[in-house]
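Every read-out reported here was derived from the displayed coordinates using simple, explicitly stated rules and does not represent laboratory data. Source: prediction; values computed, not measured. Here the Cβ is made from the backbone with ideal geometry for all residues, glycine too, and neighbour counts use every protein chain on show.
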Amino acid sequence: MSDSPATKRSVEGQPLRSATPSKKAQVLAFSGIVVAGICGALAGYAFGDLQCQDGCPLQAALWSLGGALVAAIGVGVVATLTLRATNEWRASSVDAGTEPSDSES
């Protein structure tokens, strides 16, 4: 018998649950990071464009890049913490014997 992850069982004979978030949650987190990056880039460009009155495209582009990075990293941290907290909540509710439904997540 192979010891692949699909065939491993816990002590009680129940199949082991995956610790990874659902694909839906991963896609939502990724899309949130992308949207935040775009918004940060727009805000950075607007800020950089306001700083120079002669039209400085390089300065505006650098501010745009900085805004995109700051916003995407910030939302990425929040998304990661949210996904981990959701998984911990699901694991604790399974241990308590109450399985959360998909409508609660």
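At 0.36 nm per residue, minus the direct Cα-Cα distance, what do residue 92 and residue 43 gain on full extension? Give it in nm, one decimal, please.
My answer for the length gained is 13.6 nm.
Starting from the Cα of residue 19, step 7 Å along the direction of its Cβ; do the same at residue 73; then give the gap between the two resulting points in nm.
2.6 nm
Kindly state, to the nearest 0.05, the FRET efficiency for residue 26 paired with residue 81, given R0 = 22 Å and r defined as their beta-carbon distance.
Given R0 = 22 Å and the Cβ-Cβ separation, E is 0.95.
Full-extension gain between residue 34 and residue 61, please, as 0.36 nm times their residue separation minus the C-alpha to C-alpha distance.
7.9 nm
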